[in-house]
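The values are calculated or read from the model by the stated rules, or taken from the named source; none is laboratory data. As the structure is a computational prediction, the values presented were derived from the model and not from experiment. Positions of Cβ are generated from backbone atoms using ideal geometry, with glycine treated the same way; all protein chains shown enter the neighbour counts.
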Amino acid sequence: MLDAEQLERYAEVLIWGLKTARAGKYKPGDVVLIRYSKAACELAEVVYRKVLEAGLNPVQRMILTHTMEKDFFEKAAAKQLVFQAPGDKELFEHLSGNIFIDGPDSITHLSGVDPKRIGAAAKARKPYRDILDKREEQGLFGWTLCMWPTEELAKHAGMSLDEYTQQIVKACHLDKADPVAEWQSIHKNSGAIKKWLNNLDATELRIESANTDLIVTPGAQRRWLGVSGHNIPSFEIFLSPDWRGTKGRYYADQPSYRSGNLVEGVRLEFEKGRAVKIEATRGADFVRGQLAMDAGACRLGEFSLTDKRFSSIDRFMANTLFDENFGGEHGNCHVAVGASYSDTFAGDPASLTPALKKKLGFNDSALHWDLVNTEDKRVTAKLKGGRSLVIYENGQFVY
């Protein structure tokens, strides 16, 4: 597991991520929620101390154990399933930051639960996410998250706990004397790529690999984001496209664990912006259930590319945070079905009303599910005026 020095470094990187992810500066007395798994208590304690030392007010919450979560979805009555505790709304309305440390002791315990029940609970909590989205648009809220290594994750990734831990140490630069400096360097270098992409003014992106041929429309008033401090680690550069322009086929060769379910070989076929054909070699019924959660669940909320020169992640980690940042031989691209990220709006975030979001093709959903393709691929941008330009090939951006 992580030693004392690595714990300190991990916590310092999380504080860097929290501050970097927020547009506005933190003020003394701002409220920061620290959510963590039971297994991650050791890291949460260090983070709690550092939040205090930063002059902020930490509020700690341990998330449900897998037994609690399983009991909730299996035994909760209809009203219990959508129950929200008194005070939660008030807390969210005053939150300035959120740090989540995930260390699951099970990732398959919900495999027998009706996806509709999972969807109902997610939709009931969506108003809280809307509150935080609005606060983030106003520069009043920032968030970050990370993973804690557990035997469960290591087992499903086909590694020993020590091997899994070392993947986290390497990816997060906890083996460096000054990991924050490493992240600042990545942040700077990725900034040059984002600036280049944002100046291209692309009207269309075509993603081609052995099993994917997908058209994505960036949309009006969009900007590429990434390496923003939101996720530790994060190497992806992404935008939220105009969902209405999505067409073609997409294949996720990377397995995915979601709500206790393992899915593999997801194939989606899009017409007029919606996934009209949904297949999977494993977990197909679950995938279809998730994409039927609400009207926006079958539409794209994100398109992302990871440059292999940034990411040292070269193993399947059985966790989306790491798997969506896979580097390996070919880098990766991923799409997310479901909710868009409003901060990819290129204008004043505070002006992004629900009506404007709809007009610009930002997707709205209680779902946000990343599906990863690690095949060798080419991404070609169609620019205004009709010229085409390859922007990503051989696992890296071409600029």
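Quick notes on this one:
- In the range 205-223, the residues that are in a loop (DSSP other than H, G, I, E, B), out of contact with any helix residue (DSSP H, G or I) (no Cβ under 8 Å at 6 or more places or on another chain) and buried (at least 22 other Cβ atoms within 10 Å of the Cβ): Pro218
- In the set Lys25, Lys19, Lys70, only one residue is in contact (Cβ under 8 Å) with a residue 12 or more places away in the chain and closer than 23 Å to Ala181 by Cα; that residue is Lys19.
- Hits in the range 231-254 - residues which are within 27 Å of Val276 (Cβ to Cβ), touching a helix residue (DSSP H, G or I) at 6+ places or on another chain (Cβ under 7 Å) and crowded, with 24+ Cβ neighbours inside 10 Å: Leu239, Ser240
- Residue in the range 66-87 that is nearest to Ile168 (Cα to Cα), counting only those that are outside any loop (DSSP other than H, G, I, E, B) and in contact with a helix residue (DSSP H, G or I) (Cβ under 7 Å, 6 or more places away or on another chain): Phe73
Residue-by-condition table, conditions (1) in the same structural domain as Thr320 (by TED's automatic domain parsing); (2) at positive phi; (3) touching a His at 6+ places or on another chain (Cβ under 7 Å); (4) at pLDDT 95 or above:
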position	(1), (2), (3), (4)
Val337	yes, no, no, yes
Tyr341	yes, no, no, no
Gly347	yes, no, no, no
Leu352	yes, no, no, no
Phe362	yes, no, no, yes
Asp370	yes, no, yes, yes
Lys382	yes, no, no, yes
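- Residues located in the range 1-60, provided they are charged (D, E, K, R), farther than 15 Å from Ile168 by Cβ and not in a helix (DSSP H, G or I): Arg22, Lys25, Lys27, Asp30, Arg35
- The residue list Met159, Met147 contains one member that is over 29 Å from Val31 (Cα atoms) and modelled with pLDDT of 95 or more, which is Met159.
- Leading residue by the ranking (nearest to the chain's Cα centre (by Cα)) among those in the range 229-264 that are of a type in the set (Asp, Glu) and assigned to a strand (DSSP E or B): Glu236
- Residue count, the range 92-113 (criterion: over 22 Å from the mean Cα position of the chain (by Cα), surrounded by 17 or more Cβ atoms within 10 Å (Cβ to Cβ) and under 19 Å from Arg35 (Cβ atoms)): 0
- Counting only helices (runs of 4 or more DSSP H) that sit wholly inside the range 284-399, those with at least 3 residues that are surrounded by fewer than 16 Cβ atoms within 10 Å (Cβ to Cβ) are 354-360.
- Applying the criterion of being acidic (Asp, Glu), within 26 Å of the chain's Cα centre (by Cα) and more than 30 Å from Met1 (Cβ to Cβ) to the residues of the range 42-91, the residue that is surrounded by the most Cβ atoms within 10 Å (Cβ to Cβ) is Asp88.
- Checked against the criterion of being under 30 Å from Arg22 (Cβ atoms), over 16 Å from the mean Cα position of the chain (by Cα) and assigned by TED's automatic domain parsing to the domain that holds Lys75, the candidates Lys116, Lys123 yield just one match: Lys123.
- Pair list, Cβ under 9 Å, 6 or more apart: the range 260-275 residue in contact (Cβ under 8 Å) with a residue 12 or more places away in the chain and outside the structural domain of Ile107 (by TED's automatic domain parsing), other residue of a type in the set (Asp, Glu) and assigned to a strand (DSSP E or B): Gly265/Glu279; Val266/Glu279; Arg267/Glu279; Leu268/Glu279; Glu269/Glu279; Ala275/Glu269
- Listing of helices (runs of 4 or more DSSP H) fully contained in the range 144-200 that carry 2 or more residues being exposed (fewer than 14 other Cβ atoms within 10 Å of the Cβ) and of a type in the set (A, V, I, L, M, F, W, C): 179-200
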